[in-house]
């Protein structure tokens, strides 16, 4: 079972490399900007790890703004679930 299957992501982000590192998988999810998958990786890996991957990459201006809003909304939504 791949990590994408284990986390129940909507897309097989690791289809070409079942041994993809956690950080690379998180990056792939961020890069594809699928909100439901972002929430799933935040639940699975924790918001700190996802935000570390987010902050360690250079994004173009539009992608950065989109991802910043998405991650903020996901973190706020997850707080409501606690």
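Readers should treat all values here as calculations from the given coordinates under stated rules, not as data from a laboratory. Because the structure is a prediction, the values reported are computed rather than measured. Here the Cβ is made from the backbone with ideal geometry for all residues, glycine too, and neighbour counts use every protein chain on show.
Data overview
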| read-out | value |
| --- | --- |
| Residue ID - surrounded by the fewest Cβ atoms within 10 Å (Cβ to Cβ), chosen from residues in segment 23-82 that are more than 9 Å from the chain's Cα centre (by Cα) and not in a helix (DSSP H, G or I) | 82 |
| Close pairs from segment 64-80: first in contact (Cβ under 8 Å) with a residue 12 or more places away in the chain, partner outside any helix (DSSP H, G or I) and surrounded by 14 or more Cβ atoms within 10 Å (Cβ to Cβ), Cβ under 8 Å, at least 6 apart | 67/59 |
| Inter-residue pairs, beta-carbon under 8 Å, first in contact (Cβ under 8 Å) with a residue 60 or more places away in the chain and in segment 24-46, second in a loop (DSSP other than H, G, I, E, B), 6+ apart | none |
| Yes/no for residue 3 being surrounded by 17 or more Cβ atoms within 10 Å (Cβ to Cβ) and more than 11 Å from the chain's Cα centre (by Cα) | yes |
